[in-house]
């Protein structure tokens, strides 16, 4: 169960809360979504857009598995709560006295669920459209879901800033270091860096394979000239 209190306990100390796989997942998702969103309208960067989108899809599949078998605060059972708990937490924030949660707070949990669901929708519709398996309506759903995810990200960032100020705790830094203020018994024992290393290797390997399979010429990013911003040449034959 996700430990909580009115505020960090007086005996609190810096303890490990977020394991390495959770942190790697978080920042890879940030990188991939930013990159894929910025390249969504560029034909010259289509391969980069598709690669980052597929990477996000793979990361979500991993996060779903890790949410079942991961460490204490990574598991869905530790932070997913009903609407009543979310309402109570929101009220406590509005009153300026938010209940402190060692792991994800109820609002943060909502954003995680939204990110996972929207990414699955974005990835599946993107794959369908990229392989010409349906009409233009799939592209419209794909774009709408991407914009929805952007909105979730903006709200999430605002929530992190507000919670950091109210709790007097840098939540963004905690997702880098993995450490938060809590009592010693609330920390996790292992960061599982080996799993995080496998994640990085898997993503790097996938990117390398995508680069290797890219066409030598054309509009995709696979062309070294396109990577440098060069425009593809028309065939005059």
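Does any residue of segment 173-191 turn out to be touching a helix residue (DSSP H, G or I) at 6+ places or on another chain (Cβ under 8 Å), surrounded by 16 or more Cβ atoms within 10 Å (Cβ to Cβ), more than 30 Å from residue 89 (Cβ to Cβ) and at pLDDT below 95? Looking through segment 173-191, none of the residues is touching a helix residue (DSSP H, G or I) at 6+ places or on another chain (Cβ under 8 Å), surrounded by 16 or more Cβ atoms within 10 Å (Cβ to Cβ), more than 30 Å from residue 89 (Cβ to Cβ) and at pLDDT below 95. Right, residue 121: touching a helix residue (DSSP H, G or I) at 6+ places or on another chain (Cβ under 6 Å), free of Cβ contacts under 8 Å to residues at least 40 places away in the same chain and under 23 Å from residue 22 (Cβ atoms) or not? Considered against the rule, which asks whether it is touching a helix residue (DSSP H, G or I) at 6+ places or on another chain (Cβ under 6 Å), free of Cβ contacts under 8 Å to residues at least 40 places away in the same chain and under 23 Å from residue 22 (Cβ atoms), residue 121 comes out as yes. Going by the structure shown, is residue 144 at pLDDT 90 or above, farther than 16 Å from residue 103 by Cα and surrounded by fewer than 18 Cβ atoms within 10 Å (Cβ to Cβ)? Yes; evaluated as a whole, the condition is true for this residue.
The residue that is farthest from residue 16 (Cα to Cα), counting only those in segment 91-106 that are touching a residue at least 24 places away in the same chain (Cβ under 8 Å) and assigned to a helix (DSSP H, G or I), is 93.
Being under 18 Å from residue 190 (Cβ atoms), without any contact (Cβ under 8 Å) to a residue 60 or more places away in the chain and surrounded by 19 or more Cβ atoms within 10 Å (Cβ to Cβ) is true for just one of 109, 74, 78, 20. Which residue is that? Spell out how you get there, then give the answer.
Working: 109 fails: under 18 Å from residue 190 (Cβ atoms); 78 fails: without any contact (Cβ under 8 Å) to a residue 60 or more places away in the chain; 20 fails: without any contact (Cβ under 8 Å) to a residue 60 or more places away in the chain.
Sole residue among the options that is under 18 Å from residue 190 (Cβ atoms), without any contact (Cβ under 8 Å) to a residue 60 or more places away in the chain and surrounded by 19 or more Cβ atoms within 10 Å (Cβ to Cβ): 74.
Please determine whether any residue of segment 203-214 is under 28 Å from residue 50 (Cα atoms) and at pLDDT below 90. Yes; the residues of segment 203-214 include at least one that is under 28 Å from residue 50 (Cα atoms) and at pLDDT below 90. Selection within segment 170-203: residues that are more than 21 Å from the chain's Cα centre (by Cα) and not in a helix (DSSP H, G or I). The member of this set that is farthest from residue 100 (Cα to Cα) is 190.
Taking the condition of being without any contact (Cβ under 8 Å) to a residue 24 or more places away in the chain and either at positive phi or in contact with a helix residue (DSSP H, G or I) (Cβ under 6 Å, 6 or more places away or on another chain) (or both), how many residues in segment 40-64 meet it?
Keep residues of segment 40-64 that are without any contact (Cβ under 8 Å) to a residue 24 or more places away in the chain, which gives 41-42, 49, 52, 61.
If we keep only those that are either at positive phi or in contact with a helix residue (DSSP H, G or I) (Cβ under 6 Å, 6 or more places away or on another chain) (or both) as well, we get 49, 52.
Qualifying residue count for the region: 2.
Those residues that are in a helix (DSSP H, G or I) and without any contact (Cβ under 8 Å) to a residue 60 or more places away in the chain, I need them from segment 135-151; list them, please.
Kept after step one, since they are in a helix (DSSP H, G or I), are these residues of segment 135-151: 136-151.
136, 137, 138, 139, 140, 141, 142, 144, 145, 147, 148, 151 - these are the residues of segment 135-151 that are in a helix (DSSP H, G or I) and without any contact (Cβ under 8 Å) to a residue 60 or more places away in the chain.
When you go through 65, 59, 47, 28 one by one, which is the residue that is surrounded by 17 or more Cβ atoms within 10 Å (Cβ to Cβ), at pLDDT 90 or above and more than 26 Å from residue 154 (Cβ to Cβ)? Outline the logic, then answer.
On the way: 65 fails: surrounded by 17 or more Cβ atoms within 10 Å (Cβ to Cβ); 59 fails: more than 26 Å from residue 154 (Cβ to Cβ); 28 fails: more than 26 Å from residue 154 (Cβ to Cβ).
None of the others qualify; the one that does is 47.
The values are calculated or read from the model by the stated rules, or taken from the named source; none is laboratory data. This structure is a prediction, so every number in the text was calculated from the model and none was measured. Here the Cβ is made from the backbone with ideal geometry for all residues, glycine too, and neighbour counts use every protein chain on show.
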